[in-house]
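The values are calculated or read from the model by the stated rules, or taken from the named source; none is laboratory data. Everything numeric in this text was worked out from a predicted model, so none of it was measured. For neighbour counting, all protein chains shown are included, and Cβ atoms are generated from backbone atoms with ideal geometry for every residue, glycine included. Surface accessibility is based on the protein's heavy atoms, side chains included, excluding ligands, DNA and RNA. Shrake-Rupley method; radii C 1.70, N 1.55, O 1.52, S 1.80 Å.
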Amino acid sequence: MALLPLHLISLTILRHLVAAQQTNGSVPVGAKPWLSSSGEFALGFQQVQYNFLLSIWYDKIDEKTIIWYPEDGPTVPAGSKVDLIDRRGLVLTDPQGKEVWSSGPISDLAYGYMNDTGNFVIVGSNSRNIWESFDHPADTILPTQGMPRGGVINSKMGKTNFTRGRFQLRLLLDGNLVLNTLEMFSGSAGNAYYISGTRDESNATGF
């Protein structure tokens with residue numbers, strides 16, 4: 001499918017472009033989400049109590065299990081939207097247009113797409129991936145999703161509270177996989193209650 005020119009795509013057009021590459025586009029709360037080609041995964045908004053969470057979820061199961069959301073899970077009211085904008089990336093705004101979260105400045109954006117691994121990818125004009133949700137995990141690791149040395153995954157606070165919780169999974173630079181608690185006020189790692197024992201002596205660069 002040929003890519004559309006870089007401009008804001010209306011919701012009507014978006015409905016015909018799901019499961020395809022997306023150029024600059026917008027998904028308001030309550031609108032049809034961006035789907036992967038198989039329809040297995042979706043990027044859009046899930047209702048959390050009285051507000052809405054920008055997220056990726058399994059779309060073919062009844063529970064619509066959420067597998068990604070922005071750091072600390074900011075929720076927004078009805079009337080909010082997420083846009084894919086050249087030079088700005090994914091941008092979440094509230095009904096007043098105030099930026100709540102963004103993926104960070106991205107120049108030369110060509111398109112974004114939701115793939116069948118559960119990874120939302122932004123691709124540059126050089127056809128290289130320049131941002132991926134897999135590189136910014138929430139509280140879930142999916143099959144095919146790697147975790148680099150130094151990588152961290154935090155639990156969420158509760159079923160409907162997506163702020164950072166009390167537990168953390170870390171892959172240390174020395175190769176050990178560690179589960180530890182988090183100090184609630186400082187955010188620093190507490191004592192480890194599980195260590196994998198996979199220390200790599202050839203790359204033991206410490207914690």
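For region 80-207, the carbon plus sulfur part of the accessible surface works out to 50%, probe radius 1.4 Å. Give Lys98/Lys156; Lys32/Lys64; Lys60/Lys98; Lys32/Lys60; Lys32/Lys156 a once-over and call out the pairs whose C-alpha atoms are over 22 Å from each other. The pairs that break the limit, which is 22 Å between Cα atoms, are Lys98/Lys156; Lys60/Lys98; Lys32/Lys156. In the context of the full protein assembly, Arg166 retains an accessible surface of approximately 120 Å², using a probe radius of 1.4 Å and ignoring ligands and nucleic acids.
Charge tally for Gly146 (other residues, Cβ to Cβ under 15 Å; Lys, Arg +1; Asp, Glu -1): 0.
The share of alpha-carbon pairs in region 104-168 lying farther apart than 14 Å comes to 65%.
Please label the shape of region 43-119 as rounded, prolate or oblate, based on the square roots a ≥ b ≥ c of the eigenvalues of the alpha-carbon gyration tensor (a/c under 1.5 means rounded; beyond that, a/b larger than b/c means prolate, else oblate). Since a/c reaches 1.5 but b/c is at least a/b, the shape of region 43-119 is classed as oblate.
Accessible surface area normalised per residue over region 98-200 is 55 Å², counting heavy atoms of protein chains with a 1.4 Å rolling probe. If R0 equals 22 Å, the separation of the Cβ atoms of Ile195 and Ser155 corresponds to a calculated FRET efficiency of about 0.80.
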